[in-house]
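Engineer: My questions all concern the structure below.
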């Protein structure tokens, strides 16, 4: 294992940042999802006291962290965003000095949000894990590392799983560092050793396996996640990654969450469409024009959504997941009536 990343792992686990005997963990997500389940199991096996919310609420999370002097908490970026949207006087009224580590995963974290949490609580407390339920490869990155490599989710060969990773183009050729392509991993236990699908086929090349994530690896071996292969929007021959557009939209103070998808377009092939959940009390009237003007300072013109759908119902479930495919396939009218189920 890379010596630098031995130190990262030692700080995270042996240093007690992500759990230690006699410590404590607050789980905020449903246990039927891989992240919350594994974090909770890991904490109990280490001898931690496990606390769990029955339903995520941003202020209640802070209240429980302060009340029980919690040392570690599991979050997803949607939860982090909702906590950050609390009025500063509310957010800062709780004593979080007991916190040793915040682990977030399950979805890409916008850079502005990650930096806000680092500025708020310190880089030594903020940790991010990238991986999949299939277990073909995982990364871990500390807040200190992230400040040196903003946007990265870490290095594969630094995590104890020690998987091999490479980025391939659509023809299966390995691409140079810094070039976006599809991520393929080879677990240290060998091909087809970590999972099997029921009713689906693996995506693999010469034993290397992919779960469909796009990104690039830089010259130092750090992985930067772009988006899922199936979510890529191809507009007039140009690749648009929804996660980048969503991060820009969600930096707007009146936006709670967003989902960006490609819709069929007779001229360009696809157009960019955004479903936007606005804050309570905020009217959707003229918000689409406001968002377009706001995004002009954050995105290149071709990435700005050509249409917006404003909703008040939650777009993501308690684990921060969304059914993006439903927004691609259903009409806006149907979506407005079914968002509360998504």
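The values are calculated or read from the model by the stated rules, or taken from the named source; none is laboratory data. Predicted model only: the values in this text are computed from it and were never measured. Because the Cβ atoms are built from the backbone with ideal geometry, glycine has one as well, and the counts that use them run over all protein chains shown.
Engineer: So, in the range 167-215, exactly how many residues are surrounded by fewer than 19 Cβ atoms within 10 Å (Cβ to Cβ) and in a strand (DSSP E or B)?
Structural biologist: Qualifying residue count for the region: 5.
Engineer: Return yes or no: is residue 193 within 21 Å of residue 139 (Cα to Cα) and free of Cβ contacts under 8 Å to residues at least 24 places away in the same chain?
Structural biologist: yes
Engineer: Confirm whether residue 131 is assigned by TED's automatic domain parsing to the domain that holds residue 91, in contact (Cβ under 8 Å) with a residue 40 or more places away in the chain and under 30 Å from residue 83 (Cβ atoms).
Structural biologist: So residue 131 fails the test.
Engineer: Here's something else I'd like to know. Out of all the residues in the range 130-158, which are closer than 24 Å to residue 209 by Cβ, out of contact with any helix residue (DSSP H, G or I) (no Cβ under 8 Å at 6 or more places or on another chain) and not in a loop (DSSP other than H, G, I, E, B)?
Structural biologist: 130, 156
Engineer: Scan the range 1-53 for residues that are more than 20 Å from residue 125 (Cβ to Cβ), over 23 Å from the mean Cα position of the chain (by Cα) and either modelled with pLDDT of 60 or more or outside any helix (DSSP H, G or I) (or both) and jot them down.
Structural biologist: Within the range 1-53, 1, 2, 44, 45, 47 meet the criteria.
Engineer: Among the numbered criteria (1) modelled with pLDDT of 90 or more; (2) not in a helix (DSSP H, G or I), which one does residue 119 miss?
Structural biologist: (2)
Engineer: Something else: Which residues, counting only those in the range 29-46, are under 19 Å from residue 64 (Cβ atoms), surrounded by 16 or more Cβ atoms within 10 Å (Cβ to Cβ) and without any contact (Cβ under 8 Å) to a residue 60 or more places away in the chain?
Structural biologist: 40, 43, listed by residue number.
Engineer: Any chance you could count how many residues in the range 107-116 are assigned to a loop (DSSP other than H, G, I, E, B) and touching a strand residue (DSSP E or B) at 6+ places or on another chain (Cβ under 8 Å)?
Structural biologist: The number of residues fulfilling the criteria is 2.
Engineer: I'm trying to understand the selection: among the residues of the range 260-273, which are more than 19 Å from residue 111 (Cβ to Cβ) and in contact with a helix residue (DSSP H, G or I) (Cβ under 6 Å, 6 or more places away or on another chain)?
Structural biologist: Selection gives 261 alone.
Engineer: Here's another thing I want to ask about it. With the condition kept exactly as written, say whether any residue in the range 137-147 is surrounded by fewer than 20 Cβ atoms within 10 Å (Cβ to Cβ), outside the structural domain of residue 222 (by TED's automatic domain parsing) and at pLDDT 95 or above.
Structural biologist: Yes, that holds for at least one residue.
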